[in-house]
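For reference, the structure discussed in these notes is given below.
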Amino acid sequence: QVLLVVSGGDLVQPGGSLRLSCAASGSIVSFHVMCWYRLAPGKQRALVATMSTAYCTNYADSVKGRFTSSRNFAKNTVYLQMNSLELDDTNVYFCHAYRGTAQYWGQGTQVTVSS
């Protein structure tokens, strides 16, 4: 059983920054894809960033240039650095990982951007 623990959500003003963390209960080396998603009330879940084993990261157009995802293999943790936050970034953010055919979800963390 793999556990993903997401943290770092908070209330922040527009233009501010936050860093989300997704800590895995085991090695993240075996995950061939790790992703960040977000979900707002009344909206569909949206893919924010995708990291593959090829160390290639793709971002949604809405966050390109503002968000950066990274991995720390020693800490078995992935991060989502969010800069220049906008009101529309208010969402619950989730971490998602694939290992072969298995999928794992972390619990959501609330990010609220408000003045």
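Below, the figures for the structure above:
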quantity: Residues satisfying the stated conditions in segment 59-115, i.e. under 15 Å from Gly26 (Cα atoms), small (Gly, Ala, Ser) and assigned to a strand (DSSP E or B); calculated: Ala97, Ala102
quantity: Scan of segment 63-88 for residues that are charged (D, E, K, R), modelled with pLDDT of 95 or more and crowded, with 18+ Cβ neighbours inside 10 Å, ordered by number; calculated: none
quantity: Residue count, segment 31-55 (criterion: open to solvent by 60 Å² or more (accessible area, probe 1.4 Å) and assigned to a loop (DSSP other than H, G, I, E, B)); calculated: 9
quantity: Residue match in segment 10-21 (condition: modelled with pLDDT under 95 and either crowded, with 17+ Cβ neighbours inside 10 Å or polar (S, T, N, Q) (or both)); calculated: no
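Residue-by-condition table, conditions (1) over 18 Å from Val6 (Cβ atoms); (2) touching a residue at least 40 places away in the same chain (Cβ under 8 Å); (3) hydrophobic (A, V, I, L, M, F, W, C):
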residue: Ala24; (1), (2), (3): no, yes, yes
residue: Ser30; (1), (2), (3): yes, yes, no
residue: Val48; (1), (2), (3): no, yes, yes
residue: Asn58; (1), (2), (3): yes, no, no
residue: Val78; (1), (2), (3): no, yes, yes
residue: Leu85; (1), (2), (3): no, yes, yes
residue: Tyr98; (1), (2), (3): no, yes, no
residue: Gln107; (1), (2), (3): no, yes, no
residue: Thr112; (1), (2), (3): no, yes, no
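The values are calculated or read from the model by the stated rules, or taken from the named source; none is laboratory data. No experiment lies behind these values; they were computed from the predicted model shown. Cβ atoms come from the backbone with ideal geometry, glycine included; neighbour counts cover every protein chain shown. Remember, those area values only see protein heavy atoms, side chains included, never the ligands or the DNA or RNA. Shrake-Rupley method; radii C 1.70, N 1.55, O 1.52, S 1.80 Å.
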